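Notes for the one structure printed next.
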Amino acid sequence: MVANRGWRSSSISRLAALFNALIGALFAASAIASCQGDAGAPLPPLADAGLDAVAWDAGFAGSPCRGCLEATCVNETAACKGNQECSTFYACLLGCPTSDGGPADPNCKATCPQPVGSVGVDVYERLVKCSETAKTNCEACSDGTPASCKHPLTCQQCSPTVLQNPCAKCWIESCCDTFYACDDAAECLAVSDCVGECSNTQCFSQCFQLHPSHAQVWLDDNACFSFFCDDACDNPFRPTPECAACQKGPCVKEHLDCETDAGCFVLKLCLSGCTDDKCIAACIDAAPAHAADLLENFQLCTQHHCGGAC
């Protein structure tokens, strides 16, 4: 959904964009087991390098947080434990203290030796990436921050308004900072006017290129608007409530990292109109490499956490 400032004189209009559709044909990935069963029970040690001296009933090793993270990141954990360098890091991490069974103490974690070899670095980064994503789905690992506040755009402190239009009311009361940052800048309003005339992805790209100084301001505001106001604005392309709750909960960071990046935004829009592999390949070829990575991160997070909901 694209934010349209026309509500000042009429009801909000929207472009027919399938921004929330999942592009299943883009990235093939195996489903990874979600956190099920007794996450509080310590998991048994594996006979891997560096793990034989861990006290499995104490610290992070015996915490509910560790149990949930390993149940969520099954493949990534196994790969790390199977690599000597990563296994050494992991043994150190498991020995770190926790607070009330939560995540490992960050100061202790910072002292653990990180891999330097290419294979070790790869499995380590995959584990860290999955763990950071999984934290939002593991109550034991929570830092108390609501899932909807896991990204700066979703934590704006806005005041109630007297607006009667439910769509406009949602926008101003949820996205006041980004709304006024755009509304007070002629260049951002120019981006808004430009994309409002678009009917294809090339047009969106051209609008961002024509107004480079404020394309990011518009993207941030549009991402916040889409995040909060799908229902209030009756977006006909919004996902099911179950899918939306997952995408905007455990996967909020990955969702908004893509929506606020011009390349990923355009790539997602391009793919939403594809019906065959040729179209998919053309969209990917036209996108910058980092855009495909951002979209893949979102796709993998959704596969990890949302299952059949999406």
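Projecting label points 7 angstrom from Cα along Cα→Cβ for Q156 and C108 puts them 4.0 nm apart.
Between Q206 and A190, full extension at 0.36 nm per residue minus the direct alpha carbon distance yields a gain of 4.5 nm. Residues Y90, Y180, Y124 ordered from highest to lowest accessible area at a 1.4 Å probe: Y180, Y124, Y90. How charged is the neighbourhood of D285? Take every other residue with its Cβ under 13 Å from the Cβ of D285, and add Lys/Arg as +1 and Asp/Glu as -1. For residues surrounding D285, the net value is 0.
Within 11 Å, Cβ to Cβ, of L153, how many net charges do the neighbouring residues add up to if Lys/Arg are +1 and Asp/Glu are -1? Present the calculation step by step, with values, prior to reporting the outcome.
Values: positive: K150, K253; negative: D177, D220, D221, D257, E259.
Charge balance in the 11 Å sphere: -3.
Heavy atoms of the protein chains alone define the surface here; on that basis the stretch 169-230 has 41 Å² accessible area per residue at 1.4 Å probe size. Accessible area per residue was computed with a 1.4 Å probe on protein heavy atoms; E197 scores about 150 Å². Rounded, prolate or oblate: which fits the stretch 163-310, taking a ≥ b ≥ c as square roots of the Cα gyration tensor eigenvalues, rounded meaning a/c under 1.5, else prolate when a/b beats b/c? Judged from the Cα gyration tensor, the stretch 163-310 comes out oblate (a/c at least 1.5, b/c at or above a/b). Within the straight-line cut-off of under 24 Å between alpha carbons, the lysines reachable from K109 are K81, K129, K135, K150, K253, sequence neighbours fewer than 8 places apart in one chain being disregarded. For the stretch 195-238, what % of the accessible area comes from carbon and sulfur atoms, probe 1.4 Å? Answer for the stretch 195-238 is 47 percent, counting heavy atoms of protein chains only.
The values are calculated or read from the model by the stated rules, or taken from the named source; none is laboratory data. Because the structure is a prediction, the values reported are computed rather than measured. Because the Cβ atoms are built from the backbone with ideal geometry, glycine has one as well, and the counts that use them run over all protein chains shown. SASA here: full protein model, heavy atoms, side chains in, ligands and nucleic acids out. Shrake-Rupley method; radii C 1.70, N 1.55, O 1.52, S 1.80 Å.
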